[in-house]
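Everything below concerns the one structure shown next.
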Amino acid sequence: MTRDIATVRHWLVMAVLSLSGGIIFLLPFLQEVYYKPLSSALSLNNTQVGSLMSAFGITAMLSYFPGGWLADRVSPRMLISSSLLITGALGVYFSTFPNYQISLLIHAAWGVSISLLFWGAMIRSTRNWAPSGEQGKAFGVLETGRGIGEGLSSVALLTVFGWLGSSEQALSVVVLQCSILILILGTLSWLILDDDHKGGSDDEHAAVGIREVLEVLRMPEVWLISLIVLTGYSAYWGTFRLTPYATDVFLMSVTAAGVMSVSKMFLKPIAALLAGLTADKIGVAKTIGIIFTLMMFSFSLFAFLPSSANLLPLMLINVAVISIGVFAMRGVYFALLDEGGIPIRVTGTAAGIVSVIGFTPDIFMPLLGGVLIDQFPGTQGYRYFFLSTAAICLAGLLATVWLYKRYIVPRVPR
């Protein structure tokens with residue numbers, strides 16, 4: 001009976017982590033689904049709406065590293081529950097649609113509450129959730145749960161929005177409901193998550209100071225993992241151009257392209273879980289190498305695929321293939337922290353460094369796509385963009401091979 005209770009609690013921890021990890025990002029990324037209603041409700045122009053995400057992005061980027069360091073010093077229960085409660089409370093206020101300056105401050109505060117308090121603690125808690133040989137499963141299950149939580153919540157909130165007439169008041173209700181859900185998850189986190197890190201030895205519980213931070217910065221493995229995450233996340237941004245590619249090159253209707261874009265999101269839970277299980281069988285780096293190879297050829301196919309109606313089925317199949325690759329990659333790349341030999345006591349610090357570098361595509365990938373498509377209108381611009389993304393995947397593959405041969409193979413017992 002005691003063992004059964006422990007098993008249930010074990011999975012409840014992952015349920016809270018994964019659901020929180022998916023749903024907490026819905027508020028700052030609200031404009032991804034509700035762009036026009038949000039700009040109308042706040043009486044903002046396009047530049048001002050864009051600046052809300054910029055405010056979030058800047059504070060988030062500045063918070064990743066100190067947030068990782070904090071995750072190695074403070075219990076994940078405290079950090080994660082505090083993050084959810086603060087984020088949800090700010091969301092309740094945002095549902096009243098305050099003025100532009102207050103909205104900017106709220107988005108900036110979300111960058112801090114999520115990236116400083118939540119992100120590093122989630123990565124560390126996930127690594128602690130499973131033993132060394134099951135890290136692929138742990139991060140795969142995390143990404144699967146994040147996808148399910150994000151997807152189901154988005155569908156439910158969108159249904160409420162439509163049912164209430166798609167008005168500004170309807171959007172206010174959606175924001176309020178999302179915020180209340182996050183507050184509930186914050187309460188559950190406090191009740192379910194553990195106070196300790198389950199590090200094992202006393203050394204694992206030692207506070208991480210400047211010496212340990214410098215130790216992590218001197219690890220070549222951390223920089224290689226950062227490059228792998230950067231290139232893998234760039235591929236994820238590469239898929240953001242698939243919807244306009246379908247309308248501009250294959251002349252699909254906006255509605256059909258939208259259906260294609262939403263449909264591929266349902267591949268996320270399956271791809272992440274299968275990637276995690278595969279990584280535990282053959283190794284994380286080998287799995288990532290296969291995914292990079294797949295994505296490299298898939299993006300290249302987009303670049304050279306003629307815009308013929310007869311090839312539309314092939315284009316749609318390739319959309320599914322690249323989506324599976326991207327979601328699989330996101331499901332396992334943080335499992336490299338364990339396979340790369342990063343000590344568990346500095347997991348948060350390492351994850352913070354990796355995140356600062358790895359998520360910089362948020363800054364340069366939208367710009368790269370915009371410049372290329374503006375400079376080379378039509379098919380040519382998309383060709384150059386997809387070839388650039390394929391080249392980035394090649395760089396990720398080379399970094400993975402280097403990490404595997406130089407730092408992983410020597411650690412594997414013969």
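Every test in (1) among the small types (Gly, Ala, Ser); (2) farther than 30 Å from Ala6 by Cα; (3) surrounded by 18 or more Cβ atoms within 10 Å (Cβ to Cβ) is passed by Gly149 save one, and that test is (2).
Hey, Gly331 hits all of (1) in contact (Cβ under 8 Å) with a residue 60 or more places away in the chain; (2) out of contact with any Asp or Glu (no Cβ under 6 Å at 6 or more places or on another chain); (3) closer than 30 Å to Ala246 by Cα but one; which does it fall short on? Just one mismatch for Gly331, condition (2).
Do the conditions hold for Val401, that is, is it more than 22 Å from Ile291 (Cβ to Cβ), in contact (Cβ under 8 Å) with a residue 40 or more places away in the chain and either in contact with a helix residue (DSSP H, G or I) (Cβ under 8 Å, 6 or more places away or on another chain) or small (Gly, Ala, Ser) (or both)? Spelling it out, it is not the case that Val401 is more than 22 Å from Ile291 (Cβ to Cβ), in contact (Cβ under 8 Å) with a residue 40 or more places away in the chain and either in contact with a helix residue (DSSP H, G or I) (Cβ under 8 Å, 6 or more places away or on another chain) or small (Gly, Ala, Ser) (or both). The residues listed here are Pro377, Pro343; of these, the one that is under 20 Å from Asp248 (Cα atoms) and not hydroxyl-bearing (Ser, Thr, Tyr) is Pro377. When Trp129, Trp163 are checked against the criterion of being free of Cβ contacts under 8 Å to residues at least 60 places away in the same chain, not assigned by TED's automatic domain parsing to the domain that holds Ala285 and not charged (D, E, K, R), Trp163 stands alone in meeting it. For Ile228, the conditions (1) free of Cβ contacts under 8 Å to residues at least 40 places away in the same chain; (2) surrounded by 19 or more Cβ atoms within 10 Å (Cβ to Cβ) all hold with the exception of (1).
Would you tally the residues in the stretch 294-310 being over 25 Å from Ala271 (Cβ atoms), among the polar types (S, T, N, Q) and in a helix (DSSP H, G or I)?
Qualifying residue count for the region: 1.
Looking at the stretch 70-82, which of its residues are more than 20 Å from Ile182 (Cβ to Cβ) and crowded, with 24+ Cβ neighbours inside 10 Å? Of everything in the stretch 70-82, just one residue is more than 20 Å from Ile182 (Cβ to Cβ) and crowded, with 24+ Cβ neighbours inside 10 Å, namely Asp72.
Okay, residues lined up against (1) in a helix (DSSP H, G or I); (2) closer than 17 Å to Ala109 by Cβ:
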residue: Ser18; (1), (2): yes, no
residue: Leu26; (1), (2): no, yes
residue: Leu38; (1), (2): yes, no
residue: Thr47; (1), (2): yes, no
residue: Ala55; (1), (2): yes, yes
residue: Ile58; (1), (2): yes, yes
residue: Phe65; (1), (2): yes, no
residue: Val74; (1), (2): no, no
residue: Leu84; (1), (2): yes, yes
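Whenever a residue of the stretch 26-54 is at positive phi, its partners that are assigned to a loop (DSSP other than H, G, I, E, B) and surrounded by fewer than 17 Cβ atoms within 10 Å (Cβ to Cβ), lying with C-beta atoms within less than 9 angstrom and at least six residues away or across chains, give the pairs Ser43/Asn99. Against the criterion of being assigned to a helix (DSSP H, G or I), in the same structural domain as Leu52 (by TED's automatic domain parsing) and hydrophobic (A, V, I, L, M, F, W, C), Phe139 qualifies.
The values are calculated or read from the model by the stated rules, or taken from the named source; none is laboratory data. Note that the structure is a prediction, hence the values are computed from the model and not measured. No Cβ is skipped: glycine too gets one built from the backbone with ideal geometry, and neighbour counts run over all protein chains shown.
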